[in-house]
Amino acid sequence: MEKLIIEGGRRLEGSVRISGAKNAALPIMAASLLTNETCTIKNVPALSDIDTMIKILKNLGLSAEKQSGTLILSGSCGKTKASYDLVSTMRASVCVLGPLLGKNRRAEVSFPGGCVIGPRPIDLHLKGIEALGAKIEIKSGYIIAKAKRLKGARIYLGGHFGSSVLATANTMMAAVLAEGVTVIENSACEPEIVDLANFLISMGARIEGQSTPTIKIKGVKKLHGAVHSVIPDRVETGTYMMAGIITGGDVFLKDARPDYIIALIDKLTECGAKIKELPGGLRVQGKKRMKPVAVTTLPYPGFPTDMQAQAMSVLCLADGISVITEKIFPERFIHISELSRMGARIMLEGPHAIIEGVKRLSGARVMASDLRASAALVLAGLAARGKTEISRIYHLDRGYEKLDKKLRGIGASIWREKDK
Ligand code: EPZ
């Protein structure tokens, strides 16, 4: 195992290239199960979650060839069972359920794992495919879905916390090869869902309304191979924006898409950051002391839950009291205890975190608990006085391509060491 060491207090300055989006690439890779022809996916980030998905697809019968950012998936999925050992390590692996069912009319997928951010039910995934005619059985930790035929339906996919990204992805992928028309109401509008829909359309699927809460799919008999380039990662973008801001720096995020992060830009501007769209990317400038704000996480286009932890690190150093309300995963606050070790003052009251800004954080030994919480600790470490050691950084390698190298490129003092 490795740990990250950060010598804090350096102002970050320079340019970082934003990688392809993990959460777009993973369902797109799963969608390649829907055809026997070759799919070429470009701008795929080098992440351990991507490697896990490659293993799952290979296990199902596809062959995979990866050269730098291009992934070529070919062959056909002979098997219908996605094994526990792989699926249980990553939430996104559940999105092989829809394509396996769509293509083979049978899928056996282990219950998914993923980051520890509170309960993560799959009732909406099952509701979506059941509405299309699948019979579901839960047996020995596996979801077994079977259908003689899949038939289009009108499906309401809203849950207690709003729309679901991967339930929308699964239902859409099962519906593209169903008979007739499927309408998904309260579908997720996230850019990653739009990217998946665009990939499916390039494979011959007939989809309308992606990016709205009503997606309409007209089933087709067969899909063909396609070439697609994955969209830039909006969470990585936001994380580097906040790395610039928390260090009072000036960074340029090459290939960033401002239209994917409107709510974040709005909030960070309210905090006092200067954010400017330039040709080919986004320039972000922080200042010495940011203003406190109230942040509420919501489904897209609201403020993303995947940037809540990082925003908390920024607000720990703001000039006053901020409030963060988590409306997607109300228990996604494990980072609070670790930030407190660094001198942060945060009180948790149900899904509300009340943050009293302090003048400075001080480096400490902390432990990464999940992907975005780990990113929050990195941000805090960059701003803190002294040395921060972050253990269990395999979480970061699941979702941030070459994080330490990219941060070094803009002036951070950060490196890896072996952890005992
Ligand atoms: C996706 O997870 C992302 N993962 C998550 O990013 C992200 O936090 C989340 O969407 C919300 O934006 C991937 O894309 C791989 P949801 P997903 O279903 O689809 C409830 C990261 O850090 N719900 O949209 O699993 C659920 O409990 C990860 O990269 C149900 O009630 O999330 C939550 O409250 C972490 N029933 C809300 O919906 C269901 O069947 C939204 O979750 C499914 C979800």
- Rounded to whole angstrom, the alpha-carbon centroid of segment 214-237 lies from that of segment 125-198 at a distance of 15
- Task: Consider all pairwise Cα distances in segment 193-261 and report the whole-number % of them above 13 Å.
- Result: 71
- Which of the lysines could a cross-linker bridge to Lys291, judged by Cα under 16 Å and excluding same-chain residues fewer than eight apart? Lys267, Lys274, Lys359
- Of the residues Val293, Val230, Val378, which exhibits the maximal mean-square fluctuation in a Gaussian network model of the chain defined by a 10 Å Cα contact cut-off? Val293
- Looking only at aspartates and glutamates whose Cα falls under 13 Å of Lys276's and that sit 8 or more positions away or on another chain, we get Asp250, Asp259, Asp266
- Item | 13 Å beta-carbon shell around Cys271, net charge (K/R +1, D/E -1) | +3
- For the chain, the dipole about the Cα centre with charges only on Cβ (Lys and Arg +1, Asp and Glu -1), to the nearest 20 debye, works out at 440
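Can you tell me, using C-alpha contacts under 8 Å and at least 6 residues apart, the relative contact order of the chain as a whole percent?
On the way: 1075 pairs, mean separation 88.6, N = 420.
Reported as a whole number, the value is 21 percent.
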- Item | Exposure of Leu33 as accessible area (Å², to 10), given a probe of 1.4 Å and all protein chains | 0
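I'd like the FRET efficiency for Asp123 and Glu270, computed as 1/(1 + (r/R0)^6) with the beta carbon distance as r and R0 of 51 Å, rounded to 0.05. All intermediate terms of the calculation are to be shown ahead of the outcome.
Numbers: r = 36 Å, r/R0 = 0.70.
About 0.90, to the nearest 0.05.
Mean shadow of segment 101-183, computed from the convex hull of its alpha carbons, in nm²?
Quarter of the Cα hull surface area: 5.5 nm².
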- Find the Rg to Rh ratio for the chain, where Rh is the Kirkwood radius over alpha-carbon pairs and Rg uses the same atoms. 0.98
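Give a quick list of trypsin sites (Lys or Arg not before Pro) in segment 134-168 that DSSP marks as loop, anything other than H, G, I, E or B, with at most 11 other Cβ atoms within 10 Å.
Values: sites: Lys135, Lys139, Lys146, Lys148, Arg149, Lys151, Arg154; in loops: Lys148, Arg149.
Listed in order of number, the matching sites are Lys148, Arg149.
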- Check the straight Cα-Cα distances from Lys402 and name the lysines below 19 Å, setting aside those fewer than 8 residues away within the same chain. Lys3, Lys22, Lys42, Lys66, Lys254, Lys418
- For segment 22-229, what's the radius of gyration and Dmax over Cα atoms, in angstrom? 15.1, 41
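Within a Cβ distance under 11 Å of Ile72, other residues only, what is the Lys/Arg minus Asp/Glu net charge?
Details: positive: Lys42, Lys66; negative: Glu65.
After counting each charged neighbour, the total is +1.
Which of the trypsin sites (Lys or Arg not before Pro) found in segment 273-351 are in a DSSP loop and have at most 11 neighbouring Cβ atoms, other than their own, within 10 Å? Walk me through the numbers before you get to the answer.
Working: sites: Lys274, Lys276, Arg283, Lys287, Lys288, Arg289, Lys327, Arg332, Arg341, Arg345; in loops: Lys287, Lys288, Arg289, Lys327, Arg332.
For trypsin sites (Lys or Arg not before Pro) across segment 273-351 that sit outside H, G, I, E and B with at most 11 neighbouring Cβ atoms in 10 Å, the list reads Lys288.
Return the carbon/sulfur percentage of the accessible area of segment 1-107, one whole number, probe 1.4 Å, all protein chains in place. Don't skip to the answer; put the middle values down first.
Details: 1650 of 3850 Å².
Summing carbon and sulfur atoms, their accessible area is 43 percent of the total for segment 1-107.
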- Cα gyration tensor shape of segment 336-420, rounded if a/c is under 1.5, else prolate or oblate by comparing a/b with b/c: prolate
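Quick check on the chain: of the DSSP beta bridges with both residues there, what percent are antiparallel, nearest 5%? Could the numbers behind the result be given before it?
Numbers: 58 of 80 bridges.
Bridges in the chain are about 70 percent antiparallel.
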- Run the numbers on segment 22-229 and let me know its relative contact order in percent, using alpha-carbon pairs under 8 Å that are six or more apart. 21
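If the only charges are +1 at each Lys and Arg Cβ and -1 at each Asp and Glu Cβ, what is the size of the charge dipole of segment 22-229 around the Cα centre, to the nearest 20 debye? Spell out each step's value before the answer.
On the way: 25 positive and 15 negative charges, 153 e Å.
Magnitude of the dipole: close to 740 debye.
What whole-number value in Å² describes the accessible area per residue of the chain for a 1.4 Å probe?
On the way: 16660 Å² over 420 residues.
Per-residue value: 40 Å².
Let me have the 222 nm mean residue ellipticity of the chain computed from DSSP H runs of 4+ only, each contributing -39500 (n - 2.57), with the sum over all residues rounded to the nearest 500. It would help to have the intermediate numbers written out before the result.
Values: 14 runs with 131 residues, N = 420.
About -9000 deg cm²/dmol.
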- Measuring from the longest principal axis of the C-alpha atoms of the chain, the long axis of helix 234-246 (C-alpha) lies at a number of degrees, nearest 10, equal to 0
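The values are calculated or read from the model by the stated rules, or taken from the named source; none is laboratory data. Keep in mind the model is a prediction, meaning the values are calculated, not measured. Virtual Cβ from ideal backbone geometry, glycine too; neighbours counted across all protein chains shown. Just the protein is used for accessible areas: all its heavy atoms, side chains included, with ligands, DNA and RNA removed. Shrake-Rupley method; radii C 1.70, N 1.55, O 1.52, S 1.80 Å.
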